[in-house]
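Undergrad: Here you go, one structure.
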Amino acid sequence: MGIASGLPTGFNPSAYDAIVVGAGYAGAVCARTLAEASSYRVAVLEKRNHIAGNAYDYEDEAGILIHKYGPHIYHTTDERVHQFLSRFTDFTDYQHKVLANIHGTLMPVPFNHQSLKLAFGEEKGEHLYQKLVQAFGENRRVPILELRDRNDPELAEVADYVYENVFLHYTMKQWDKTPDQIDPAVMGRVPVFVGDDDRYFPQVPHQGMPDKGYTDLFNNMLDHDLIQVFVDVDARDILDLSNQSVYVCGQPYGGEIIYTGALDELFGMDLGALPYRTLDMQFETLDQDQFQPVGTVNYTVSEDFTRITEFKNMTGQVVPGKTTIMREYSKAYEPGSGQTPYYVINEPENIQLYEKYRERVAHIINFHVVGRLAEYRYYDMDGVVASALALSEEIISQR
Ligand code: FAD
Ligand code: UDP
């Protein structure tokens, strides 16, 4: 592999069997799989000045490994994804833990056995926990919206407490909507956990951090003789979809295009802009060893930001006397403003608009869309890897 900045003069698209737009998980997994399994010559075009998409990490001025686009914690139940990624990195055994700051008391999230006792006192908390066990069984994930539906006064007391103190204000900050107004699957990502597991991803078998970081993982994945990466290249400058055909640099292109960017951007948003939430991330380096006891503290009843992440607590990096933290402020994404479209907003009218863009490319047989932006889906890293592996297989089998 080589990583070049910009396209060379005389760049010849037909020297490549596939052109991949975007060097995040979706693009890198497809590039690697196509190069390896089918000897495709692959060009990866990335508009940022680095690889790894939103998983990109680097050392800041204090020498602390930080995640530029928000805290990324690897977790998966998908054996195939885990095997695939494990070829390019070892994972540490970091188990992500999150505490909610509720009026100054730090309680585990997902709200669990211990949280109940912290919120309601030892005796009452234990009693309420036994009620939850009776209602749902032990070691069960219960979505808050399901808990709220139960017609039992004591369960209602738990549901009201958790709804008000864990979900309502955080969700208002993150989405500018109440939990009932957003896609239930989003709330379901963080359940109430009837059990003692205090990890953010309870019962998930594979979790950790790439031992040398995410960018290193991507360097290894893209390190293949048949892959060439070009950063600082916006594919829209050379890509044109007209008459149900693909043109690259003005010439008809017969290879495969794998597109992992936003679909509306490809068409100048002529049907309207797809809505997203974006984040302002405020990094701060402090002259102390440690700021908070866990990787992330969620501010669920106070503050304008949603959460504070302390990177050293996640990576295990030892840097005496310094630590870098990051606060996340969520807001509506303004198309064309240079902001990053971080979170899709999964609502029927947005999906309808997305489908209209998707229809435009559906019949172009050598044009494929994959990834969090291109599929307009709230994917975690493992979901994107699974989707990219499936697409690569499909392309290879159809060749
Ligand atoms: P991206 O990573 O966005 O990559 C797409 C790439 O395409 C980008 O680099 C972009 O610059 C490039 N691109 C777009 N348009 C063009 C163009 N026209 N020309 C050239 N290049 C282009 N997942 C987890 O599993 N665990 C977590 O803890 C976690 N935390 C997250 C925290 C935050 C704040 C966010 C926003 C996401 C988090 N995720 C997490 C999700 C994870 O980031 C995504 O699932 C994953 O990075 C998506 O990969 P992708 O390749 O689809 O998209
Ligand atoms: N959520 C909440 N309180 C919390 C944690 C999560 O209200 O303490 C809600 C919020 O709406 C959030 C969603 O659950 O957007 C999903 O949380 P997750 O941590 O999975 O979001 P991400 O890490 O993707 O930002």
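Throughout, read-outs are computed from the coordinates displayed, never taken from laboratory work. Note that the structure is a prediction, hence the values are computed from the model and not measured. Cβ placement follows ideal geometry from the backbone for every residue including glycine, while neighbour counts extend to all protein chains displayed.
Undergrad: Per-residue counts of other Cβ atoms within 10 Å, averaged by peptide: what ranking do you get for 15-22, 349-356, highest first? Can you show the working numbers first?
TA: Values: 15-22: 22.8, 349-356: 14.6.
The most tightly packed comes first, giving 15-22, 349-356.
Undergrad: What does the charge dipole of the range 1-98 about its Cα centre add up to, to the nearest 20 debye, if the Cβ of each Lys and Arg holds +1 and the Cβ of each Asp and Glu holds -1? Don't jump to the answer; show the numbers that get you there.
TA: Working: 8 positive and 11 negative charges, 65 e Å.
Dipole about the Cα centre, nearest 20: 320 debye.
Undergrad: So how compact is the chain: Cα radius of gyration and Dmax in angstrom?
TA: 22.6, 75
Undergrad: Can you pull the percent of Cα pairs in the range 200-280 with separation above 14 Å?
TA: Working: 2535 of 3240 pairs.
Cα-Cα pairs in the range 200-280 separated by more than 14 Å: 78 percent.
Undergrad: Once you've got the GNM for the chain with C-alpha springs shorter than 10 Å, pick whichever of 358, 327, 150 has the biggest mean-square fluctuation.
TA: 150
Undergrad: Rounded to the nearest 20 Debye, what is the dipole magnitude of the range 129-198 about its Cα centre when Lys and Arg each give +1 and Asp and Glu each give -1 at the C-beta? Provide the component values of the computation, followed by the final result.
TA: Values: 8 positive and 14 negative charges, 41 e Å.
For this selection, approximately 200 debye.
Undergrad: Now a separate question. Considering the chain as a Gaussian network with a 10 Å cut-off on Cα pairs, which listed residue, 252, 202, 341, attains the greatest mean-square fluctuation?
TA: 252
Undergrad: Starting from the Cα of residue 117, draw a straight line to each of the lysines and keep only those under 17 Å, dropping any in the same chain fewer than 8 residues away.
TA: Of all the lysines, those that pass the test against residue 117 - Cα under 17 Å, at least 8 places apart if same chain - are 131.
Undergrad: With +1 on each Lys and Arg Cβ and -1 on each Asp and Glu Cβ, how big is the dipole of the chain about its Cα centre, in debye rounded to the nearest 20?
TA: Working: 33 positive and 58 negative charges, 86 e Å.
The calculated dipole for the chain is roughly 420 debye.
Undergrad: Let me ask you something else. For the chain, which DSSP H helices look membrane-span-like by this rule: Cα extent along the axis of 15 Å or more and mean Kyte-Doolittle of at least 0.5? Walk me through the numbers on the way to the answer.
TA: On the way: long enough: 25-38 (19 Å, 0.59); 122-136 (21 Å, -0.92); 348-362 (20 Å, -1.35); 381-398 (26 Å, 0.86).
Span-like helices here: 25-38, 381-398.
Undergrad: At 222 nm, what helix-only mean residue ellipticity would the chain give, in deg cm²/dmol to the nearest 500, using -39500 (n - 2.57) for each DSSP H run of four or more?
TA: It lands at -9000 deg cm²/dmol.
Undergrad: Let me ask something else. Which listed residue (266, 195, 313) has the Cα farthest towards the positive end of the charge dipole for the chain, taking +1 on Lys and Arg C-beta and -1 on Asp and Glu C-beta about the Cα centre?
TA: Checked the options; the winner is 266.
Undergrad: Who wins for biggest fluctuation among 190, 318, 370 in a Gaussian network model of the chain, springs between alpha carbons below 10 Å?
TA: 318
Undergrad: Have a look at the range 274-399 and give its Rg and Dmax from the Cα atoms, expressed in angstrom.
TA: For the range 274-399, the Cα-based Rg and Dmax read 19.5, 57 Å.
Undergrad: Still on this structure, please answer the following. If each residue's Cβ is checked for other Cβ atoms within 10 Å, how do 107, 172 rank with the fewest at the top?
TA: On the way: 107 23, 172 15.
Result, fewest neighbours first: 172, 107.
Undergrad: With a ≥ b ≥ c the root eigenvalues of the C-alpha gyration tensor of the range 112-191, is it rounded (a/c under 1.5), prolate (a/b larger than b/c) or oblate?
TA: On the way: a/c = 2.08, a/b = 1.67, b/c = 1.25.
Cα axes put the range 112-191 in the prolate bin.
Undergrad: In addition: Putting +1 on Lys and Arg Cβ atoms and -1 on Asp and Glu Cβ atoms, find which of 214, 129, 166 reaches farthest to the positive end of the dipole of the chain.
TA: Ranked along the dipole, the leading option is 214.
Undergrad: Can you give the direction-averaged projected area of the convex hull of the alpha-carbon atoms in the range 22-163, in nm²? Intermediate values should be presented prior to the final figure.
TA: On the way: hull surface 53.0 nm².
Convex hull of Cα atoms, orientation-averaged projection: 13.3 nm².
Undergrad: Tell me the relative contact order for the range 42-127 as a rounded percent, counting alpha carbon contacts under 8 Å between residues six or more apart. Display every interim value, and only then the final one.
TA: On the way: 57 pairs, mean separation 9.7, N = 86.
Over the range 42-127, the number comes to 11 percent.
Undergrad: Out of residues 5 or more away from residue 367 or on other chains, whose amide H comes under 5 Å of its own, with H placed 1.01 Å from N in the peptide plane?
TA: 257
Undergrad: Give the residue from 278, 290, 252 lying farthest towards the positive end of the charge dipole for the chain; charges sit on Cβ (+1 for Lys and Arg, -1 for Asp and Glu) and the dipole is referred to the Cα centre.
TA: 252
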